[in-house]
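Right, one structure below, let's go through it.
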Amino acid sequence: MGLSWGCGFPSLTGHARGLLTSLVTLLLLQLGSAQLRVVGPGQPLTGTVGQDVVLPCHVSPQRDVRSLEIRWIRDSMSETVHHYRNGEDLYGEQMGAYAGRTELVRGGLSSGSLDLRIMGLRPSDDGLYICTVGDAVAYDEATVRLEVSATGADPHLSLGGYEAGGVRVLCRSAGWYPLPQLLWRDARGQHLPSVSQTHSQDQEGLFEIEGAVIVTGSVEGPLSCVVRSSRLQQERESSLHIAAPFFINAQPLIVVLVLVLVLLAVSIGLGVYLFRKQATLRRELGESLQSLPPAPGEVVSLREGLGLGWAGWALGACVLVAQGRWRSSWSLGWEWGVLGLGLPWARDTSRMDERNGNQGGDGERAAGLPRSALALLDRDILHPSPFTSPCVLVAQCRELH
């Protein structure tokens with residue numbers, strides 16, 4: 001049966017001794033494992049970007065762990081964050097992201113502390129860590145969750161222009177971790193819906209968030225943008241008061257349409273008024289001209305050197321020229337507009353000389369003035385002001401000494 005007896009006691013064969021050794025080894029491992037129970041914090045640990053944090057971990061019951069192998073690893077990547085064995089830190093397997101940023105708290109090793117310090121926290125440090133300890137016959141581990149946070153800058157508010165009958169307001173804030181919430185509130189604390197919201201992440205892993213809201217004239221008082229970190233229960237808030245004139249301009253198409261309608265109404269009214277005024281002027285002028293003789297050159301009236309003569313039509317307007325007593329030198333002062341109706345007058349003064357030997361020409365027969373004077377009068381009459389048609393020429397002549 002594999003047993004031998006000597007001195008009255010049975011002895012084990014080689015096979016039996018091997019089996020017994022395995023059983024003893026297994027028993028020792030179980031006892032060792034029970035003696036190396038690793039305990040973590042039991043709740044998430046928080047840290048702030050840029051600061052240092054200590055991940056707590058220890059063995060229970062307390063014992064000196066300086067001779068054991070301690071390894072901290074990232075659960076999601078199963079890579080080494082820090083490695084310690086037989087009193088030395090080993091960096092051959094350490095993740096590059098943690099190079100020069102980790103250390104064991106040596107002062108607690110003799111009492112069973114396995115605490116790990118991480119310096120200069122980054123957003124990428126956020127996550128689950130596993131603290132392990134063991135030797136040739138014992139091993140245990142515990143998990144530690146690290147929640148990294150960063151509070152960003154105060155929100156920056158700006159106007160984005162007119163949209164959908166209101167004013168588009170933008171809110172932007174950077175430097176957050178994890179991704180925060182962006183909320184809009186009116187003066188009464190009621191939330192306003194965002195029309196858009198975007199975010200981005202910089203090289204360091206920090207978030208920038210931007211939101212927009214359309215504000216109409218119904219929103220009273222200041223508008224507030226709140227950016228909140230649910231992890232830290234902290235928030236940043238900025239407010240903006242939009243003046244009432246902005247809401248008037250918020251509907252440019254309506255405003256333009258109203259202005260066009262107003263201008264159109266004014267133009268129509270002015271056109272009707274001018275048309276009626278012109279008709280009245282033409283009627284009054286026609287009544288005044290009925291007494292004028294049809295033949296040119298005939299003197300209509302003569303009073304203290306003032307003479308009016310019929311000279312025909314130019315551009316649909318009646319033309320009168322001046323006549324006077326024959327002298328060798330005349331000074332003709334004339335103005336034209338609507339005779340006797342008080343409208344603006346275009347004024348000019350011309351001096352005409354009639355030399356001996358030039359009398360009795362066609363100009364005298366046509367209007368009682370030299371041809372040069374008629375040419376001058378015709379030239380000026382053919383370029384009337386838009387406010388003086390139809391027109392009447394009135395000339396006053398006096399003898400020069």
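Observations on the model:
- Summing charges over all other residues whose Cβ lies under 14 Å from the Cβ of residue 93, with Lys and Arg as +1 and Asp and Glu as -1, gives -1.
- Working note: Karplus 6.51/-1.76/1.60 with θ = phi - 60° gives region 257-272 the couplings 4, 4, 4, 4, 5, 5, 5, 5, 5, 4, 5, 4, x, 5, x, 4 Hz, where Gly and Pro are set to x.
- Sites residue 86 and residue 111, calculated FRET efficiency, Cβ-Cβ separation with R0 25 Å, nearest 0.05: 0.85
- Relative contact order of region 73-150, pairs being alpha-carbon contacts under 8 Å that are 6 or more residues apart, as %: 24
- All Cα-Cα distances of region 156-248, cut into 10 Å bins from zero to the largest, leave 16, 49, 26, 8, 0 percent in each bin in turn.
- In this structure, the amide hydrogen of residue 112, modeled 1.01 Å from its nitrogen in the peptide plane, lies closer than 5 angstrom to those of 63, 65, counting only residues at least 5 positions away or on a different chain.
- Rounded FRET efficiency, nearest 0.05, which uses the C-beta distance separating residue 266 from residue 185 and R0 of 45 Å: 0.50
- Estimated distance in nm for a label pair at residue 258 and residue 237, the labels positioned 7 Å out from Cα along Cα-to-Cβ: 3.5
- The phi-based Karplus calculation (6.51 cos²θ - 1.76 cosθ + 1.60; θ = phi - 60°) puts the 3J(HN,Hα) values of region 191-207 at 7, 10, x, 7, 8, 7, 7, 9, 8, 8, 10, 7, 5, 7, x, 7, 9 Hz, whole numbers, x for Gly and Pro.
- Extending 7 Å from the Cα toward the beta-carbon at both residue 95 and residue 67 defines two label points whose distance is 3.3 nm.
- Local net charge near residue 197, Cβ-Cβ under 14 Å (Lys/Arg +1, Asp/Glu -1): +1
- When peptides 176-184, 100-108, 195-203 are sorted by average Cβ neighbour count within 10 Å, with the highest value leading, the order is 176-184, 100-108, 195-203.
- Residues in region 76-97 reached by a label modelled at residue 54 [backbone nitrogen below 20 Å; 7 Å Cα→Cβ]: 81-85, 87-89
- Neighbours of residue 120, meaning other residues whose beta-carbon lies under 10 angstrom from its beta-carbon, give a summed charge of 0 when Lys and Arg score +1 and Asp and Glu score -1.
- In terms of other Cβ atoms within 10 Å, 281, 263 run from fewest to most in the order 263, 281.
- Note on region 192-237 and region 148-180: Cα centroid distance 4 Å, given to the nearest whole angstrom.
Bear in mind that the values in this text are calculations on the coordinates, not laboratory data. In this text, all values refer to a predicted model and were calculated from it rather than measured experimentally. Quick reminder, even Gly has a Cβ in these numbers, built from the backbone with ideal geometry, and neighbours come from all protein chains shown.
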